[in-house]
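Down below is the structure, laid out as structure tokens.
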Amino acid sequence: MKKGLELQSIKSWMNTEKPIIISGPCSAETEEQTVATAKQIAATGKVHALRAGIWKPRTRPGQYEGAGDIGLQWLMSAKKETGLPVTTEVANAAHVEACLKAGVDILWIGARTTVNPFSVQEIADSLKGVDIPVMVKNPVNPDLELWIGALERLNKAGIKKMAAIHRGFSSFEKGPFRNLPMWDIAIELKTRFPELDIICDPSHISGNRDLIAFISQKALDLDMAGLMIESHINPDAAWSDAKQQVTPAVLGKIISELVVRKTSSEDKTFKDTLSLLREQIDQIDDEVMQKLAQRMKISEKIGQYKKENNVTILQVTRWEEIIHTRIALCKAMGLSEEFTTELLKLIHHESIQVQTKVMNQMKARV
Ligand code: PEP
Ligand code: MN
């Protein structure tokens, strides 16, 4: 039986419509900076909760490691001034205890903590019997099971007000993103747990402020429940993650320019047109599958023939020829090279499996 999570929707515990916007500085640096940022983001009228890191898990020593417990008081002052609920990162039971004592509204578990089941379990144990929302960032490495494991540990401890935060995945290769979005992992999480709300953190994915609007729009188009965006009254002077923070004014502009689409429409013409198009897709998928099955049957015959003639399965020149001709053909039809290559690799792999089975007269697949 498929194990699910027992959840309450983010709409119910944030008491607002999606997309939920959470913003604030990477780190609370001083009381003035925390409160001033909170006031300015509240004035945009577009933010539903204030974020600020108090204990900062820094990759290298010697960087700003957060204000510590005193920062919680700054968060509470910001809450008092703006009425915004506040959220911060917790990495152990002592952080949880301090947050609960101070009156923090929502907790989140950071990417460097989600990777460690001992830490997550410690946090879950410290939350037994406590009714507080907890958001779980993806682990730094692209391991969906680890992300799910953290959600399950909290859920088992009785936490039902949960959301996942997609903040991208660390990689040695440096591309345009600080952390690779790997959207497929977030989509797979949503497919496995449709009731689970996912918030996107475009700031940590991007690593620079120029990409935030693009990533935010993409997240909403993938039906994510909201965004967590880092903002600061003076981003360039921020004590952590300076390059990726935006001013409250820029934040307001980014949010107001986002296109929020519906997940479906009750409009009759829309529904009729969509169902007509889907029928066409169903028909085409049928044909594609039949053709693939036919192709594999022929592979089987080739395998038999190669066996009788004592010829190897893999023939590199033939494979190269297939790749070149098909990519050229597909390109001419408007399909991307990347897609065609991946598809051909899958087909070729299966074809080799089929021929290996014939060649060795094996029942099991290898
Ligand atoms: C943060 O939100 O500032 C942070 C440290 O994020 P992450 O855990 O995603 O690296
Ligand atoms: Mn940060």
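All of the numbers you see were taken from the coordinates with simple rules; none came from a lab. A quick note: this is a predicted structure, and the numbers were derived from the prediction, not measured. When we count neighbours, we look across all protein chains shown, and the Cβ atoms used for this are built from the backbone with ideal geometry, even at glycine.
When both segment 211-272 and segment 162-194 are represented by their alpha-carbon centers, they are found 16 Å apart. For segment 9-131, the fraction of C-alpha pairs more than 24 angstrom apart is 27%. Can you give me the angle between helix 212-221 and the longest principal axis of the chain, using Cα atoms only, in degrees from 0 to 90, rounded to the nearest 10? That works out to roughly 60 degrees.
Here r is the Cβ-Cβ distance between HIS349 and PHE214 and R0 is 30 Å; the resulting FRET efficiency, rounded to 0.05, is 0.30.
Nearest 10 degrees, 0 to 90: what angle lies between the long axis of helix 144-156 and the longest principal axis of the chain (Cα atoms)? Its long axis makes an angle of about 50 degrees. About its Cα centre, the chain has a charge dipole of approximately 720 debye under the convention of +1 per Lys or Arg Cβ and -1 per Asp or Glu Cβ, with nothing else charged.
The modelled label-to-label distance between LYS80 and LYS243, using points 7 Å beyond Cα along the C-beta direction, is 3.8 nm.
Count Lys and Arg as plus one, Asp and Glu as minus one, and take only other residues whose Cβ is under 14 Å from that of ARG295; the net charge is then +1. Sparsely packed loop sites in segment 22-128 (the GluC sites (Glu not before Pro) outside DSSP H, G, I, E and B with at most 14 other Cβ atoms within 10 Å) do not occur.
For the pair VAL316 and PHE270, a Förster radius of 56 Å applied to the C-beta separation gives a FRET efficiency near 0.65, rounded to the nearest 0.05. Label segment 88-130 by shape, choosing from rounded, prolate and oblate, from the square roots a ≥ b ≥ c of the eigenvalues of the Cα gyration tensor; if a/c is under 1.5 it is rounded, and otherwise prolate applies when a/b is larger than b/c, oblate when it is not. Oblate, since a/c reaches 1.5 and b/c is not below a/b. Shape analysis of segment 147-278 based on the Cα gyration tensor places the equivalent ellipsoid semi-axes at 28, 22, 15 Å, largest first. Under a model in which nothing but the beta-carbon of Lys, Arg (+1) and Asp, Glu (-1) is charged, segment 22-138 shows a dipole of about 320 debye around its Cα centre. Cα centroids of segment 110-129 and segment 293-322: 52 Å apart. Which whole-number percent gives the relative contact order of segment 179-275, counting Cα pairs below 8 Å spaced six or more residues apart? Value for segment 179-275: 24 percent. Loop-located GluC sites (Glu not before Pro) in segment 251-356 (DSSP state not H, G, I, E or B) with no more than 12 neighbouring Cβ atoms inside 10 Å: GLU266.
Projecting the Cα atoms of ILE148, GLN355, ILE54 onto the charge dipole of the chain, computed from C-beta unit charges around the Cα centre, puts GLN355 farthest toward the positive end.
Give, as ranges by residue number, the residues of segment 107-133 whose backbone N falls under 19 Å from the point 7 Å along Cα→Cβ of GLU195. Zone members listed by number: 129-133. Kindly work out what percent of the DSSP beta bridges joining two residues of the chain are antiparallel, to the nearest 5. Roughly 5 percent of the DSSP beta bridges within the chain come out antiparallel.
Here the spin labels are modelled as points 7 Å beyond Cα on the Cα-Cβ line, and at ILE132 and TYR305 they lie 7.0 nm apart. Charge tally for TRP13 (other residues, Cβ to Cβ under 15 Å; Lys, Arg +1; Asp, Glu -1): -2. Each Lys and Arg adds +1 at its Cβ and each Asp and Glu adds -1 at its Cβ; summed about the Cα centre, segment 268-359 shows a dipole of about 260 debye. Against the compact-protein benchmark of 2.2 N^0.38 Å, the Cα-based radius of gyration of segment 268-359 scales to 1.42. Amide H to amide H, with H built 1.01 Å from N, GLY24 comes under 5 Å of ARG51, ILE229, SER231, counting only residues 5 or more places away or on other chains. Placing unit charges on the Cβ atoms of the charged side chains and taking the dipole of the chain about its Cα centre, the candidate lying farthest along the positive direction among HIS166, MET333, GLY129 is MET333. Computed over Cα pairs, the Kirkwood radius of the chain leads via Stokes-Einstein (1.002 mPa s, 20 °C) to a diffusion coefficient of 91 µm² per second.
In this simple spin-label model, placing a label point 7 Å from the Cα along the Cα-to-Cβ direction at both ALA93 and ASP69 gives a separation of 1.7 nm. Computed from Cα positions, the angle between helix 31-43 and the longest principal axis of the chain comes to roughly 70 degrees. Computed on segment 268-359, with alpha-carbon pairs under 8 angstrom and 6+ residues apart, the relative contact order is 41 percent. In the chain, Cα pairs under 8 Å separated by at least six residues give a relative contact order of 14 percent.
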